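Beneath this line is the structure, given in structure tokens, with notes to follow.
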Amino acid sequence: AMAAYLEVRADDHRGGIILDAMREEWEIINRTLNPKEIEVMLSFRHHTLNTLFGIPLTSPVSYGGMLGMGKLTVSGGNVLVCDTYGDKLWVFARNGERQVLSGEAARPVVAVPFAPADALLFLKSGDLLRIKIDAVSGTIGSTLEGSIAANVADAAVVDSTLMAVADRTGQSVRFYGIPSLGETAEWRPDDSDDTEKLFEPVALATWGPFLAIADRGNGRVYILDSYTLSVQNRFEIDLPRDLDWGNNGELYVLSENGTLYMRFPAGGASTDLKVVARGMKEAWSFAWSGMGPVVADVAGKSWWSSSVSPGNRNTLGAIALHDPWIEDRNGAETLMLRGAASSLYHNFIQNKAPDTSVVWRSEVRPSRVIEVGASNKGSALFYSPSSGVSTSTREITQANSLDDVMNDIAARSRAGGDMPKVVVLDTRISVPDESLAVFLSFLIHQGVRLDLWAIGRPAPAPLESVSKITLGYTYYSRVLETVPFNNSIEWILSLPLPPETSTFGYPSEATLTVLSNIDMIRFTDWLPIWPSLLDKRRP
């Protein structure tokens, strides 16, 4: 539309600037969906347990650590830590809250999230507990779900019907149905594989249709197709201990020698391992959280973490200006605007006020962001091609493809509805490649989180990446009880108006241009403003 506009208004220089910025944003969106390399920067800091999670020094776990670290996993804003030989499950807040929960369990190995406050706890004996985390009451409830015949080293959920379990002493990866817990398949390297030692699976992690397996015995990592169990890729690494996937589908592998490696593309052609960090003494367990990677040592006393910082190119931020109004402040009219702010690097911009410049009528105008907070407008929208799923509070809109989803959101917007804060997609919805870039652009520019509902099948890998980029969750239950609130950022912009507010010249002269920066993240947006048409009240 902008290009067509400029065909007949070639002298409108501001229109050309807007078009160039739009093209650059589109290139970044496409590069994010189809990365040739991972450009994020990680810089690890060493912590004690109390400094990382804000636990008081007087807490016994703060100075005592764990008797024997199992696996740590991330669920919502919490890190779930299994103290296998201390017979405890610990829940530490990773979102700045000073809250610690713990529950008793006999030899817990790993807690696998089904939803942010709902997980399966695997015990070393093969017993499974369904746990519910209630942060309000400060309790962890548990019920026995059943038992499997495996000596559990790690576990991962593929979708609502299938999970994988690493059976270290049984030298295999076993697959079990959900909720029946009946064994459906077993995998180990076949006889044609040139393994010299016993297959020793010590860690599992899923990414869409892919299952990564760490084989400590042979110093290898396998990547399987979760359903055909065919090997998609295999590579060598010394003493792999744990692994997890990053937001763009890169695979991180923690070695017992204290080195963290990264490989991308993990499921593609052979590529070199990149060393991400060294010197993490006695490192034992690793997980990727929305805020970045977390590593713990074998005693749970030493921890390492890193936030995710942007590289030099993908520094896209987005601010969607909306709901303009005018306030009378000290006898002068002031234009006020809301802006939903988002970024490919969400934690990098949390609670930070941007440096802002505004251009209107070809003049730089004084302006500032006077509020930074979480928006409480909008809600979650649920989409599924089937009526066989349900939520406890919301209706589900039928959609067979991503185009159906976008058309429904557009219709709601045209009818005057608020933009959703969360979109929950059943993974059986068709996702054409040509629609995904438009959808990611919408999510980023509106600050919307994409959650996935893995009903009967995992999400395609590109959709999984889009969800993780927006800090989305994956749910594995056919009934959704709760969907966490989206703490996306909203700015309120203040712009004193000149005494004379009439506009002239090309239409773009009446377009307000907002240019903001937080460190190296840049935000731009444009909104046509005719002050005489605006309400003088806060919407």
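The values are calculated or read from the model by the stated rules, or taken from the named source; none is laboratory data. Since the structure is predicted, the reported quantities are computational estimates derived from the model, not experimental observations. Glycine gets a Cβ as well: all are built from the backbone with ideal geometry, and neighbour counts include every protein chain shown. To get the accessible areas, we keep the full protein, side chains included, count just its heavy atoms, and leave off ligands, DNA and RNA. Shrake-Rupley method; radii C 1.70, N 1.55, O 1.52, S 1.80 Å.
Before moving on, here are some points about what is shown:
- Value of Rg/Rh across the range 176-248 [Cα atoms, Kirkwood radius]: 0.97
- Kirkwood hydrodynamic radius of the chain, Cα pairs, Å: 25.0 Å
- Inter-probe distance in nm under a simple model that places probes 7 Å from Cα toward Cβ, at THR482 and LEU19: 5.0 nm
- Placing TRP187, TRP530 in order of accessible area, with the largest value first and a 1.4 Å probe, yields TRP530, TRP187.
- Mean projected area of the convex hull spanned by the Cα atoms of the range 128-176, taken over all viewing directions: 4.2 nm².
- According to the Cα-based calculation, Rg over Rh for the range 273-313 is 1.02, with Rh computed by the Kirkwood formula.
- Isotropically averaged projected area of the range 203-357, using the convex hull of Cα atoms (one quarter of hull area), nm²: 13.8 nm²
- Candidates per chymotrypsin sites (Phe, Trp or Tyr not before Pro) in the range 30-125, loop by DSSP, up to 16 other Cβ within 10 Å: TYR85
- Contact order normalised by residue count of the range 294-342, Cα under 8 Å, 6+ apart, percent: 28 percent
- Across all Cα atoms of the range 474-539, the radius of gyration (one decimal) and Dmax (whole number) stand at 19.3, 59 Å.
- Inter-part distance where the range 111-172 and the range 431-505 are each reduced to a Cα centre, Å: 30 Å
- Extent along principal axes [Cα atoms of the range 428-497; Å; largest to smallest]: 55, 32, 15
- Low-density loop positions, GluC sites (Glu not before Pro), the range 453-525 - DSSP coil, at most 11 other Cβ in 10 Å: GLU500
- Length-normalised contact order for the range 221-331 - Cα pairs under 8 Å, 6+ apart - percent: 15 percent
- Tail weight of P(r) past 21 Å, computed on alpha-carbon pairs of the range 41-111, percent: 22 percent
- Distance histogram for the range 1-81 (every C-alpha pair counted, 5 angstrom bins, percent rounded to whole numbers): 3, 10, 11, 11, 10, 8, 8, 7, 7, 7, 6, 5, 4, 2, 1
- Percentage of interatomic Cα-Cα distances in the range 383-535 larger than 18 Å: 66 percent
- Candidates per trypsin sites (Lys or Arg not before Pro) in the range 1-63, loop by DSSP, up to 11 other Cβ within 10 Å: LYS36
- q = 0.10, 0.14 Å⁻¹: log10 I(q)/I(0) that the Debye formula gives for the range 119-275, counting C-alpha atoms only: -0.37, -0.71
- Judged by the mean number of other Cβ atoms found within 10 Å, the most tightly packed of the peptides 331-342, 428-439 leads the ranking 331-342, 428-439.
- Cα gyration tensor of the range 282-381 - equivalent ellipsoid semi-axes, whole Å, descending: 40, 16, 13
- Label positions at ARG45 and LEU534, each projected 7 Å from the Cα along the C-beta direction, are separated by 3.9 nm.
- With contacts taken as Cα pairs under 8 Å at a separation of at least 6 residues, the chain carries a relative contact order of 13 percent.
- Rg to Rh quotient for the range 315-432, alpha carbon positions, Kirkwood Rh: 1.07
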